[in-house]
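Note sheet for the following structure.
The values are calculated or read from the model by the stated rules, or taken from the named source; none is laboratory data. Remember, predicted model here, so these are calculated numbers, not experimental data. As a convention, Cβ positions derive from the backbone with ideal geometry for all residues, glycine included, and neighbour counts pool all protein chains shown.
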Amino acid sequence: MKENSRVLSLYTLLVFIFLLGPLVIISVTSFEPGTVLKFPPEGFSLRWYKNIFEVSMFMETFKTSIIVSMLGNLLALLLGVPAAYALSRFKFRGRDTLNALFLSPVLIPGIVLGFTLLRYLIVVYGLPIYTGLLIGHTVIMLPFIIRVIASSLQNFDFAVEEAAQSLGASRLYTFFKVVLPNIRSGILAAILIAFLESFNNVDISVFMTGPGVSTLPIQMLTYVQNYFDPTIAAISVILMVLTAALMFIIERLMGFAYFTKR
Amino acid sequence: MALLSLENVAVAYDNHFILENFNLQLEKGQLLSLLGPSGCGKTTTLRLIAGFLNAEQGKFMFAGKDYTKVPVDKRNFGFVFQSYALFPHMTVYDNVAFGLRLRKLKEADVKKRVTRMLEIVSLEGFEKRLPGALSGGQRQRVAIARALVIEPDLLLFDEPLSNLDANLRVNMRVEIRRIQQELGITTVYVSHDQEECFSISDQVAVMNKGKIEQLDHPTAIFKYPASEYVARFIGFGNFISFEGRKDEGADIELSRGALQFRAAKRADGAGNQGLTGAIRPDDLQLYGSMPDLDVEGNTLTGTVQVSTYLGRSYQYQVQTELGVFTVNQEMNDPFRQGEEVTVYFPKEKLVLVP
């Protein structure tokens, strides 16, 4: 038994090294003072962190990413909250089909979805790039919003809603005063998860960006094709910290168990 | 005139009628129980009255007005749920105040009425607690207070005690009856527990497959079930199918082959209809084969097959020529398995059902 658990610990340690090693290396190399990515670094400097803020395209695409992710999030919420509510609350014909349809963007390979959106929104309907990008991100966020809020509603006893109505509350009043407050943490978690999904997205954005409009991940891709300095490593560290912080908040709100159970 | 009346109501779910041509009347101030097994339509009836369901056909009249199309939130009926359905994010006080605030009462009046109602359900001092910090019994009392504080025209209970443990259930049903009488509020109460229904109701409706089999006072139902279904449901464990019956003075004489039985006749005919004899295990009597048995007729001889100790009494399964009968009997010296016994059917307790 003892022997077994020692082997297991060692194995677990190796897996962690395999998973986290590259992240550690990236983080360390981001402090490289020289102009070329190197491991181990030859010193310690924040030069490339400063560079992020000096290269205007990073700041601009960061702004675009934030705006697209936030606006798309809002749109996805407006569509997703009622959808999740209806799917959880009512039994109707075609509910399972509708459920599958709402979740389909997760099932379709991103590259296919991205290409399809480009083909129709931009080429056929001639929408402005910015609008297309926003719609694309709304589409990829919607399944996450619906999924997380629906699972939050699963723990909600709808008799509570009926109780409010029997006391004289209208359906709308009940929804805002009774249902919403009880799934608040679910909604917040849905917002954060969808935000991460959108903010880090590459496969849709790569099709939906174009001249003058780009998101941060796409800008980073373009940058590494031309430059070999540690700027990208520095951005990566910042993004990792941001993501970890958001995940921490999500975990506090709902617990990870929320996403592993179906 | 009845305060509440359902007239030829039909409710369907998934193209299947749960209630059809359903009629029900209730007088003001009465507590009516709907009793039946799950799937008998009792909860559907209650939800229809509450307004959570719509009738396909028929009419729901309340206090002389047509309520068929009145939405839930305009009915002013209190509803107490099996799951309590308290607002989890609100304190006890806010839960109870919810309906009053919707009625735009002044906060001072809200406070007065909430406080008084929490007194009635003995929950003073719990105002600031959240439902999650209460026991099951306390939650149910908050639910009752919340439903009552709006001074509803009708109070509806959907199996309110089935999530509570046995002792608490008995206490709570006494509480419910007390509050209902104190406030004189007309009430419909749904349960599958006959003891619960019988102990608190003015009227009990025993339901089966979307129909009311019998509607009467609890004592009348308990003594004289109107059908074999009701008899079985309320614990008449023994049945005999007779082949003939004729009046014989104060009795009804029943025959099955060469066997003769007598059942007492009653002036109002209760428990005198039909050809099936029904009797409770508690009402049958067992005798050993003693020679001085001073009962005439109404007996069967048999053999004890199984003897089970129930605490206060023994339960016997007795094999006779008319099948197996279940008998509960208190005794110090119980019969043993295989023992020959005589089963006596007191004629006052033998009830006939169609």
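Points to keep in mind about this one:
- Within region B:57-72, the residues that satisfy the criterion of being more than 18 Å from A:Y173 (Cα to Cα) and either at the interface with chain A (Cβ under 8 Å from one of its Cβ atoms) or in contact (Cβ under 8 Å) with a residue 60 or more places away in the chain (or both) are B:F62, B:A63, B:G64.
- Verdict on B:A147 being within 12 Å of chain A (Cβ to nearest Cβ) and in contact with a Gly (Cβ under 7 Å, 6 or more places away or on another chain): yes
- Inclusion of A:P211 among residues that are over 16 Å from the mean Cα position of the chain (by Cα) and surrounded by fewer than 19 Cβ atoms within 10 Å (Cβ to Cβ) is warranted.
- Any hit, region B:73-89, residues being over 32 Å from the mean Cα position of the chain (by Cα) and free of Cβ contacts under 8 Å to residues at least 60 places away in the same chain: yes
- Count of region A:93-105 residues which are exposed (fewer than 15 other Cβ atoms within 10 Å of the Cβ) and in a helix (DSSP H, G or I): 7
- Test: residue in region B:273-292 that is under 21 Å from B:Q315 (Cα atoms), hydrophobic (A, V, I, L, M, F, W, C) and loosely packed, with under 14 Cβ neighbours inside 10 Å: yes
- Condition met for B:V142 (aliphatic (A, V, I, L, M), at pLDDT 90 or above and touching a Lys or Arg at 6+ places or on another chain (Cβ under 7 Å)): no
- Filtering region B:76-127 to residues that are surrounded by fewer than 21 Cβ atoms within 10 Å (Cβ to Cβ), assigned to a loop (DSSP other than H, G, I, E, B) and at the interface with chain A (Cβ under 9 Å from one of its Cβ atoms) leaves B:N76, B:Q82, B:S83, B:P88, B:H89, B:M90, B:R103.
- B:L286 vs. criteria more than 27 Å from the chain's Cα centre (by Cα) and touching a residue at least 24 places away in the same chain (Cβ under 8 Å): yes
- Selected residue (criterion: nearest to B:L105 (Cα to Cα)) from residues of region B:150-192 that are within 14 Å of chain A (Cβ to nearest Cβ) and part of a loop (DSSP other than H, G, I, E, B): B:I150
- If you check A:V206, A:V124 for being more than 20 Å from A:G80 (Cα to Cα), away from chain B (no Cβ under 14 Å), under 22 Å from the mean Cα position of the chain (by Cα) and at pLDDT below 95, only one passes: A:V206.
Results for (1) out of contact with any strand residue (DSSP E or B) (no Cβ under 7 Å at 6 or more places or on another chain); (2) closer than 23 Å to A:L77 by Cα; (3) touching a residue at least 24 places away in the same chain (Cβ under 8 Å); (4) surrounded by fewer than 20 Cβ atoms within 10 Å (Cβ to Cβ), shown as yes or no for each residue.
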site	(1), (2), (3), (4)
A:L133	no, yes, yes, no
A:I140	yes, yes, yes, no
A:N155	yes, yes, no, yes
A:A164	yes, no, no, no
A:L167	yes, no, no, no
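- Going through (1) crowded, with 22+ Cβ neighbours inside 10 Å; (2) within 25 Å of B:A63 (Cα to Cα) one by one, B:E182 falls short only on (1).
- Within region A:145-182, tally of residues that are among the hydroxyl-bearing types (S, T, Y), within 11 Å of chain B (Cβ to nearest Cβ) and either under 27 Å from the mean Cα position of the chain (by Cα) or not in a helix (DSSP H, G or I) (or both): 1
- For region B:131-144, residues that are within 12 Å of chain A (Cβ to nearest Cβ) and outside any helix (DSSP H, G or I) total 0.
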